[in-house]
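Here's the structure we're looking at; comments come further down.
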């Protein structure tokens, strides 16, 4: 009798065939980030955030041409922004944290994709390649990206913390800027870094449309024009300031 | 005409490879590039040497077998042309031509110019099908398809799976191949039931083998079927949508 009773129970405990372990489901965000296409999508989204910052930063900085009062007043407004619902500098810090997050995602994704791509071709071509479509900008994204990243650190040291040796007083944006840019090597660093940024934007400002899947033959030609226009505006606007300071036009 | 061929020779996957140079004269301008290799191999055999191994089959540009990196470009300098359709008249008399196999981690070298492209089969297996009732063929025009959709799906379906896109890509990415295979079905009404599964599975399989797309556009320029990178954007769009899509609502419209 006992044997008859135990047989079905044994079957329940030990299946006759090996059964694969139930796959552990990873959280959505981990699963999503695991894909290279999703990483590129995130790079496009964070790229747009960074482009928005770069554009607003340039527009703000062009107030240097309106004089010290306008620029310093604008700098003060950035801290007051959002008052009274946000206490002083709180909205600014929220934006800064968002920006740091966007930078982090953009850089970490790029680094991981670069590693993936290096591994995908362990044996290189032995004869020289003849590229038909890849341009200078698209092939130097990693270099221009690193240059811009290092420049941001220098720029913070220079004008946010006043740590590069020029006369620097907190809140005196115009005077700090002029004092720093009157040093020729510093002006050259600013000009070269902004040219690198322009090259980065020339490819990134076009490539983001592909990564986001924004492709429509009605507007595809405009994507390249947008990238050229955006890069040109940023480079001209940002380069003009150190150029005009170092040549003595603005002082 | 006379040409000097520098060809990658490698006896097997683990063997040390090297370039060998061969002088060929009395080459006809009407020869295809593969016929040039036939002539070379005839001579090598006559001399008792090993012929150069290379993939070829239909020789009319539709099978996707031929795979040579010619002077740094997959399938050579002509746009929209597979190696088999490339003719010697496109080269100057006395030309020095360097020929190398496709190079990608997912395409292990078999011998000389032959690489194993079965990673592409893994991608297609994971989603390159539709569910269709068996039995007699349905009546024509039972499913209406807008002309623009049919044209676009056909453009994607022109992919012959040669691997030139991977060979051309600085990242060894297979996004153009996968996009063509995903989108030719995802664009059509017959492909809709598996649309989200297909793009997810095929992309995930692709990423196990190949690099990632950085939008250089080299693949499009190298493709013998001139498949547009528009399909890569459409695949990206479908992939991202598929990740957020609530699958059990997939049959609802709008």
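The values are calculated or read from the model by the stated rules, or taken from the named source; none is laboratory data. Just so it is clear, the model here is predicted, and its values are computed rather than measured. All Cβ positions, even for glycine, are placed from backbone atoms using ideal geometry, and neighbour counts span all protein chains on display.
Which condition breaks for residue B:58 when tested against (1) more than 22 Å from residue B:220 (Cα to Cα); (2) more than 15 Å from the chain's Cα centre (by Cα); (3) in contact (Cβ under 8 Å) with a residue 12 or more places away in the chain?
(2)
All but one of (1) within 14 Å of chain B (Cβ to nearest Cβ); (2) in contact (Cβ under 8 Å) with a residue 60 or more places away in the chain hold for residue A:105, so report the exception by its number.
In the conditions (1) within 14 Å of chain B (Cβ to nearest Cβ); (2) in contact (Cβ under 8 Å) with a residue 60 or more places away in the chain, residue A:105 misses (1) alone.
Restricting attention to the range A:47-61, does a residue exist that is surrounded by 15 or more Cβ atoms within 10 Å (Cβ to Cβ), assigned to a helix (DSSP H, G or I) and within 14 Å of chain B (Cβ to nearest Cβ)?
yes
Counting just the residues of the range B:88-103 that are within 9 Å of chain A (Cβ to nearest Cβ) and touching a strand residue (DSSP E or B) at 6+ places or on another chain (Cβ under 6 Å), which one comes out farthest from residue A:122 (Cα to Cα)?
Taking the candidates together, the pick is B:98.
Contact list please: Cβ distance under 9 Å, first residue in the range B:7-29 and on the phi > 0 side of the Ramachandran plot and away from every other protein chain (no Cβ under 14 Å), second residue loosely packed, with under 14 Cβ neighbours inside 10 Å and assigned to a loop (DSSP other than H, G, I, E, B), pairs at least six apart or on different chains.
B:26/B:2
Farther than 30 Å from residue B:162 by Cβ and either in contact with a helix residue (DSSP H, G or I) (Cβ under 6 Å, 6 or more places away or on another chain) or surrounded by 11 or more Cβ atoms within 10 Å (Cβ to Cβ) (or both): is that true of residue B:123 in this structure? First the steps, then the outcome.
Numbers: farther than 30 Å from residue B:162 by Cβ: no; either in contact with a helix residue (DSSP H, G or I) (Cβ under 6 Å, 6 or more places away or on another chain) or surrounded by 11 or more Cβ atoms within 10 Å (Cβ to Cβ) (or both): yes.
No.
Here is a check on your reading of the model: is residue B:253 without any contact (Cβ under 8 Å) to a residue 24 or more places away in the chain, out of contact with any helix residue (DSSP H, G or I) (no Cβ under 8 Å at 6 or more places or on another chain), in a helix (DSSP H, G or I) and away from chain A (no Cβ under 13 Å)?
Against the criterion (without any contact (Cβ under 8 Å) to a residue 24 or more places away in the chain, out of contact with any helix residue (DSSP H, G or I) (no Cβ under 8 Å at 6 or more places or on another chain), in a helix (DSSP H, G or I) and away from chain A (no Cβ under 13 Å)), residue B:253 does not qualify.
Which one is surrounded by the fewest Cβ atoms within 10 Å (Cβ to Cβ), of the residues in the range B:18-55 that are over 22 Å from residue B:94 (Cα atoms) and under 24 Å from the mean Cα position of the chain (by Cα)?
Among them, the one singled out is B:53.
Within the range A:152-194, how many residues turn out to be closer than 30 Å to residue A:224 by Cβ and crowded, with 16+ Cβ neighbours inside 10 Å?
6
Inspect all residues belonging to the range A:132-149 and state whether any of them is within 11 Å of another protein chain (Cβ to nearest Cβ), outside any helix (DSSP H, G or I), in contact (Cβ under 8 Å) with a residue 12 or more places away in the chain and surrounded by fewer than 17 Cβ atoms within 10 Å (Cβ to Cβ).
yes
Which numbered condition in (1) within 14 Å of chain B (Cβ to nearest Cβ); (2) farther than 30 Å from residue A:34 by Cα is the only one that residue A:112 fails?
Against the list (1) within 14 Å of chain B (Cβ to nearest Cβ); (2) farther than 30 Å from residue A:34 by Cα, residue A:112 comes up short only on (2).
The rows are residues; the columns are (1) in a helix (DSSP H, G or I); (2) in contact (Cβ under 8 Å) with a residue 24 or more places away in the chain; (3) under 14 Å from the mean Cα position of the chain (by Cα).
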{"residue": "A:186", "(1), (2), (3)": "yes, yes, no"}
{"residue": "A:197", "(1), (2), (3)": "yes, yes, yes"}
{"residue": "A:204", "(1), (2), (3)": "yes, yes, yes"}
{"residue": "A:216", "(1), (2), (3)": "no, no, no"}
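Which one of B:36, B:5 is farther than 25 Å from residue B:121 by Cβ and either part of a helix (DSSP H, G or I) or modelled with pLDDT under 95 (or both)? Steps first, please.
Working: B:5 fails: either part of a helix (DSSP H, G or I) or modelled with pLDDT under 95 (or both).
Result: B:36 is the single residue among B:36, B:5 that is farther than 25 Å from residue B:121 by Cβ and either part of a helix (DSSP H, G or I) or modelled with pLDDT under 95 (or both).
With the condition being in contact (Cβ under 8 Å) with a residue 60 or more places away in the chain and within 11 Å of chain A (Cβ to nearest Cβ), I'd like the helices (runs of 4 or more DSSP H) fully within the range B:153-240 carrying at least 2 qualifying residues.
On the way: elements: B:164-168, B:175-186, B:195-209, B:218-222.
In the range B:153-240, B:164-168, B:195-209, B:218-222 are the helices (runs of 4 or more DSSP H) which contain 2 or more residues that are in contact (Cβ under 8 Å) with a residue 60 or more places away in the chain and within 11 Å of chain A (Cβ to nearest Cβ).
(1) within 14 Å of chain A (Cβ to nearest Cβ); (2) in a loop (DSSP other than H, G, I, E, B); (3) in contact (Cβ under 8 Å) with a residue 24 or more places away in the chain: which one isn't true of residue B:77, the others all being true?
(3)
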